[in-house]
Amino acid sequence: MLKYKFDWAVVTSGTYFEWLVSGLKVTIELSVVSIALSFLIGLVIAVMRMSHVKPVRWIAHGYLEFFRNTPLLVQIFFWYFGSYKVLPKAVNDWLVEQNFEFASAVIALTIYTSAFIAEDIRSGVLSIPKEQMEAARSSGFSYIRSMRYIILPQAVRLTIPPLVNQFLNLTKNSSLAMTIGVAELTYQARQVESYTFKAFEAFTAATLVYVVLSSVITLLVNFYNKRVLQPMKGR
Amino acid sequence: MVAGLDFTVIKDNLLYFFIGRYPGGPLGGVALTLYLAVASLVLSFIGGLILGLLSISRNWVVKWVSVTFINAVRGMPLLMVIFWMYFLWPAMMGRPMPESQTVILALTFFTSAYMSQIVRAGIEGIPRGQMEAAMSTGLHYRQAMTHVILPQALRNMIPSFVNQFVSMIKDTSLAFIVGVDELTHVATQVNNRTLIYPTEIFLFIALIYFVICYAFTSLSRWLEHRLAWRKAI
């Protein structure tokens, strides 16, 4: 450690700085695309999980348990290396024509995160008093419509803080995409390290970005909790 | 589609998946995964307990420093923590460390931060009156904590600890990145050797992880029910 000469210029300007910036861009892209998709799938799974039809409930339950209890890395490898045997050929060919590494990472992150989001949404829905559902049903709404117009709009508002939390987890989890060669932030930090041998500087820069990102978002959630949720619950 | 899968590759390497090259070589596979998870769990239980107690300290400097540390670690991806350990520890200590120890240390740091939140929530879940009652019978803060608060709080934390253990088992798969021979790494080795069975291999190890993790998830649920029931009487 004593012999080590710090050289912060490596990561604050020039090519290596640009690498890190491009890594951050990919990290954000990956996280934003995956969170949007996993919210949609999570919503569907959550509604299925609360369905009155038993097989539908079982499918949703199986989905949740399986994807929550397997490591994300294994899921990433599965989609990256093994998707060609389970996806229809046309879909797979289309994915390969796109950016295949990025696409596999999005699929894996989406499915993994959607399982967690589904549970968050479900607990949001369960926290809405069940009289609301009964009232909606007795005024003639179908089950789906009562969900769509009465329960979900309230539940989603309650679910926003845990969802943002999932987004933060997703951002951190997206670092695993480096193992299949997606050039996101951790990948680029690793690249800078191997080109310059400046491990300390490279990892400090990347770590700071992650920590600042999550701190800012956490502050925003706290603000939301105070300004939006507290008054809503107070009523 | 499933009909096109050929699982003989699993059968041929079954023992390798479970114990690696042991007994002829070092331990690997599922056995090493469990070893990493258990070792890190024990260490991060201790780390989490210490951090959790520090984060509710009445000394604001101690509190502020520990909360900042916890938040910083919680803001980092685990992969980053592993890289830090991998590159910095040898530089600081002047000698290399075996990769499996690097991973155990990284997992410990990372999970301690999460465990500390469980500990804090557990302690805050015990009614304030208990601490006041304990102190008014003449116990010091520390005595009241170790003899009155913690024994009750720890019991309530057990389900969350088990959940954390499940995350830990999943997280050990990241040891792959520094070349530790745990289950995921073993799987990529077999995949690189055979090349044409990736779907079968990763499906199989996903199942192994699932069986282990699901068992513990169910245990945690059962414990939660049991504890809730005992509190009710």
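Cα atoms only, the stretch B:35-174: Rg and Dmax in Å?
Every Cα atom of the stretch B:35-174 included, Rg and Dmax give 16.7, 52 Å.
Using a 10 Å cut-off around each Cβ of peptide A:80-86, what is the average number of partner chain Cβ atoms that fall inside?
Average per residue, whole number: 6.
Using a Förster distance of 56 Å, how high is the FRET efficiency between B:Q101 and B:E132, based on the Cβ-Cβ distance and rounded to 0.05? Can you show the working numbers first?
Details: r = 44 Å, r/R0 = 0.79.
Given R0 = 56 Å and the Cβ-Cβ separation, E is 0.80.
Note down the relative contact order for chain A as a percent, whole number, built from C-alpha pairs under 8 angstrom at least six residues apart. Could the numbers behind the result be given before it?
Details: 222 pairs, mean separation 68.6, N = 235.
It comes to 29 percent, rounded to a whole number.
With springs only between Cα atoms under 10 Å, which of A:F81, A:F203, A:F67 fluctuates most in a Gaussian network model of chain A?
Comparing A:F81, A:F203, A:F67 in a Gaussian network model of chain A, the most mobile one is A:F81.
Under the definition of partner shielding as Cβ atoms of other protein chains within 10 Å of a residue Cβ, what is the mean value for peptide B:76-89?
Details: counts 9, 15, 4, 13, 11, 2, 0, 10, 5, 0, 2, 7, 4, 0.
Per residue, the number of nearby Cβ atoms from other chains is 6 on average.
List the residues, sorted by chain then number, that are 5 or more residues from B:Y22 or on another chain and whose placed amide H is less than 5 Å from its amide H.
Those lying under 5 Å, H to H, from B:Y22 are B:G28.
Mind telling me which of B:L183, B:L79, B:L203 comes out most flexible in a GNM of chain B, alpha-carbon contacts under 10 Å?
Largest GNM mean-square fluctuation: B:L203.
Per residue and in cubic angstrom, what volume does the convex hull of the Cα atoms of the stretch B:151-217 have? Walk me through the numbers on the way to the answer.
Details: hull volume 5.3 nm³, N = 67.
So the per-residue Cα hull volume is 79 Å³.
At 27 angstrom or more along the helix axis (alpha-carbon based) and mean Kyte-Doolittle of -0.5 or higher, what helices does chain A contain? Whole DSSP H runs only.
On the way: long enough: A:14-49 (51 Å, 1.49); A:100-126 (39 Å, 1.14); A:152-173 (28 Å, 0.20); A:199-224 (37 Å, 1.65).
Going by DSSP H runs, the hits are A:14-49, A:100-126, A:152-173, A:199-224.
Taking the simple approach of a point 7 Å from Cα along Cα-to-Cβ for both A:E134 and B:Y214, what is their distance in nm?
3.6
Give me B:H225, A:H61 sorted ascending by neighbouring Cβ count inside 10 Å, so fewest comes first.
On the way: B:H225 11, A:H61 14.
Lowest to highest Cβ neighbour count: B:H225, A:H61.
By count of other Cβ within 10 Å, fewest leading, how are A:R122, B:R128, A:R57 ordered? Don't skip to the end; give the middle numbers.
Values: A:R122 20, B:R128 8, A:R57 14.
Final ranking by Cβ density, sparse to dense: B:R128, A:R57, A:R122.
Working from Cα positions, state the angle (0 to 90°, nearest 10) between the long axis of helix B:29-55 and the longest principal axis of chain B.
20
For chain B, set up a Gaussian network in which alpha carbons nearer than 10 Å are linked by springs, and say which option among B:T137, B:T146, B:T68 fluctuates the most.
Among B:T137, B:T146, B:T68, the largest GNM mean-square fluctuation belongs to B:T137.
Averaged across A:203-211, how many Cβ atoms of other chains sit within 10 Å of each residue's Cβ atom?
Mean partner shielding for this stretch: 4.
Rank the residues A:M147, B:M135, B:M115, B:M93 as a footprinting-exposure proxy: fewest other Cβ atoms within 10 Å of their Cβ go first.
Lowest to highest Cβ neighbour count: B:M93, B:M135, A:M147, B:M115.
Looking at the square roots a ≥ b ≥ c of the eigenvalues of the Cα gyration tensor of chain A, which shape do they give, rounded for a/c under 1.5, prolate if a/b is larger than b/c, or oblate?
Oblate is the answer for chain A, as a/c is 1.5 or above yet b/c matches or exceeds a/b.
Return a single number: how many Lys pairs in the stretch A:9-234, at a sequence separation of 8 or more or on separate chains, have alpha-carbon atoms below 26 angstrom apart. Can you show the working numbers first?
Details: A:K25/A:K172; A:K25/A:K198; A:K54/A:K130; A:K130/A:K226; A:K130/A:K233; A:K172/A:K198; A:K172/A:K226.
Qualifying lysine pairs in the stretch A:9-234: 7.
With everything on Cα atoms, drop me the angle between helix B:198-232 and the longest principal axis of chain B, reported from 0 to 90° to the nearest 10.
The angle comes out near 20 degrees.
What does the C-alpha gyration tensor say about the overall shape of the protein assembly as shown? Classify as rounded when a/c is under 1.5, otherwise prolate if a/b is larger than b/c, or oblate. Don't skip to the answer; put the middle values down first.
On the way: a/c = 1.41, a/b = 1.09, b/c = 1.29.
Because its axes are fairly even, with a/c under 1.5, the protein assembly as shown counts as rounded.
Starting from the Cα of A:A90, step 7 Å toward the Cβ, then list every residue of the stretch A:28-59 with an amide N under 18 Å from that point.
Once the point is set 7 Å along Cα→Cβ of A:A90, nothing inside the stretch A:28-59 turns out to lie under 18 Å by backbone N.
If packing is taken as the mean number of other Cβ atoms within 10 Å per residue, what is the order of A:123-130, A:184-191, B:205-212, highest first? Show your work: numbers first, answer last.
Numbers: A:123-130: 14.9, A:184-191: 25.0, B:205-212: 19.4.
Descending mean neighbour count gives A:184-191, B:205-212, A:123-130.
Laboratory data are not the source of any read-out in this text; all were calculated from the coordinates shown. The structure presented is a predicted model; accordingly, all values stated were derived computationally and were not measured. With ideal geometry, Cβ positions are generated from the backbone for all residues, glycine too; neighbour counts draw on all protein chains shown.
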